[in-house]
Amino acid sequence: MISRETIDKIFSSIRIEDIVGEYVSLKRVGSNLKGLSPFQEEKSPSFVVSPSKQIWKDFSSGKGGTAISFLMEIEGFTYPEALRYVAKKYAIEIEEDKKEISQQERALHSRKGLLYKIHEVACNFFQEVLWNSEEGEHIAKAYFRERGLRDEILRKFQLGYSPAEKNAFTKYAMEKGYEKETLEQSGLSIFRETLPEGLDRFRDRVIFPILSFSGRVLGFGGRILGNQVKTAKYINSPETEIYYKSHVLYGLYQSKQAISRKNNCLLVEGYMDVISLHQIGIEHVVASSGTALSIDQIKLIKRLTENVTLLFDGDAAGIKASFRSIDLLLAEGMNTRVLLFPDGEDPDSFSKKHSVDFVEKFIEENTQDFIEFKADILLKEAEGDPIKKAETIRDILKSVSFVSNVLKQEIYLQKLASKFEVSMSSLFSELGIQKQLTERASRKERIPTEEKKLELMREEKMEINELFLLEEKLVGLMLKYGDVILTRRNEKNDPYEITVIEEILAYLEQDSYEFLSDLNRKIVEEIKKGIENNELRSGDFFITFMDGRITEKIADVLISNHQLSEWSTRNIYPPNMGDKIAQQVEEDLLIHKYHYVVSIIENLDQSLDQIRDSESEENYWDSIKKIMRLKELLIKLNAKLNRNPVTKSLN
């Protein structure tokens, strides 16, 4: 693990405007910087960076956080990967906390490091052969030129060539000091008793490097150039400790920013489909590289967008295989559309024959909703047969059953009812059956535990719960103004000083308040630990936390949406939120207490019948007296707040 000292050094050195500025064009507006969201299409800038607070907030997507969380969002880095990336950028030496790493973990880290390094060496070797050897020039480059690829696109995708010599790369790597065991583990070389000198897996093939989300070489795809019947046209690296076929998408590294910008991902089948579309300027495209689409691959796309368009040629087997991909995408909450190219065409060939404008217009005009697509394909087989038509409807309903959003389901059912001229009631009935079948067939239990159900119910209640909103406000005040000193007076009217954090904590502990939000509870527990150590932990303290939910909350609290408006350019200067912080804290505590008392009264009211039926009459009247005392307290709180009593609360 990276040591705490190194993490602190990284956060003290990092300049958020430098990091974000590599991805977003920023313009200074007052003390902040503003630009277009890198996560969603927009015309008016809603992305704000605060250099003074070292945080960012994207009001279009709701995301926010630190420079580290930005890299995790935009690049797909893990927390340690983002830290290492920044450390390298600022020339900070990484210190590992050796005590927290077991010997087994250290060995695994070292082994993975070697695999990453040997793949980087191989990628450079294959490119060197392509660009600087006679064999690469006359064989590999000739092939790429025949496919219509320009030099800049070859470099963009780091394409290369593995020479025909049986162990050219193996010899090269061993001369550099890499051992036979590492070469075998990487899958780049094959050793047998009859071949002790080794054999290159990708010999005599053009090479397509397969990169991670952050651009590290994980493996390779290789295409044979001759017409050898006994040899597979394409081969991929075997799975290793760094390469899992179902966890990567070809072209994602080169396409991720365009996917975020377009808020859509085109999903194709092969390497050349991705590369050819990029060459004409359509860059929001990735490929599953011949493997069946997996949930892990869908989650990679979902980091960038929830909108996917599947692009297929007219091959019947491929179309039928797409049905499974559609169901997986729907189950993961993706908005799914499909495009079929004309017979004999695929994205590669079609993009070579037409301009970018033509291809974009063709995709826009011919893309179908998955229901229309599936219905058109299956109805061709039904040919007016009512039984087959019913089977077609059931098949489409099976796909709809994977959609978790109820509103989306109803919209799909309306389309289906209109297209097949059947009633909504019969579709709803059949959908219920399909859902049951889907759940039975699934190996993974989708039914939440009782604990999860309660948590979901609590979250749904929180959305409309005034007490939760006030809880959020109090935690926000501690994070934003926690170290501000307030002057108060005690019962004898003597003045005393107290910080915002201490006053709010004292209130919460006095009333034994139980938090509705686990995140707020976690933040307040950290603030309490700070008090125990004579430390005031406000917003800045939480900036280095690994928990992305916390850093996003810090951004929500510290950057408000009024900072999007350039008021100063119009000589308008609105009051700062903290100008009357003493009064604000006092009022917010009173309002929170009011709603907290209301919630206690409501709970007691609901339990009265049960107390009367199952407990003694004395307990019943004790509860009645408690409710009366609490209602008297509400009247006093209303008086302090200078407002009329809330009728509902006093009934």
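Candidates in segment 211-232 are the residues that are within 20 Å of A142 (Cα to Cα) and open to solvent by less than 20 Å² (accessible area, probe 1.4 Å); of these, the one that is modelled with the lowest pLDDT is I224.
Checking each residue in segment 602-644 for being at pLDDT below 70 and open to solvent by 70 Å² or more (accessible area, probe 1.4 Å) picks out D609, Q610, R612, D613, S614, E615, E617, E618, R643, N644. Of the residues V274, V248, V268, V285, the single one that is open to solvent by 10 Å² or more (accessible area, probe 1.4 Å), in contact (Cβ under 8 Å) with a residue 12 or more places away in the chain and aliphatic (A, V, I, L, M) is V248. Among the residues of segment 531-548, the ones that are within 17 Å of L71 (Cβ to Cβ) and in a helix (DSSP H, G or I) come to 3 in all.
Considered as a group, the residues in segment 466-522 that are aromatic (F, W, Y) and more than 28 Å from the chain's Cα centre (by Cα) include one that is farthest from K593 (Cα to Cα), and that residue is Y496.
Of all the listed residues (T569, T499, T551, T487), the sole one being at pLDDT 80 or above and exposed (fewer than 11 other Cβ atoms within 10 Å of the Cβ) is T487.
Here is the figure for segment 41-54: residues that are in contact with a Ser or Thr (Cβ under 6 Å, 6 or more places away or on another chain) and either aliphatic (A, V, I, L, M) or crowded, with 23+ Cβ neighbours inside 10 Å (or both) total 1.
Flag: T291 does not match the condition of being of a type in the set (V, I, T), closer than 23 Å to Y161 by Cβ and assigned to a loop (DSSP other than H, G, I, E, B). Of all residues in segment 155-194, those being in contact with a Lys or Arg (Cβ under 9 Å, 6 or more places away or on another chain) and free of Cβ contacts under 8 Å to residues at least 24 places away in the same chain number 3. Would you confirm, using the coordinates I've provided, whether F70 is of a type in the set (F, W, Y), part of a loop (DSSP other than H, G, I, E, B) and buried (at least 16 other Cβ atoms within 10 Å of the Cβ)? No; evaluated as a whole, the condition is false for this residue.
The values are calculated or read from the model by the stated rules, or taken from the named source; none is laboratory data. On a predicted model such as this, the values are computed, not experimentally measured, just so you know. When we count neighbours, we look across all protein chains shown, and the Cβ atoms used for this are built from the backbone with ideal geometry, even at glycine. With ligands, DNA and RNA removed, areas are computed over all heavy atoms of the protein, side chains included. Shrake-Rupley method; radii C 1.70, N 1.55, O 1.52, S 1.80 Å.
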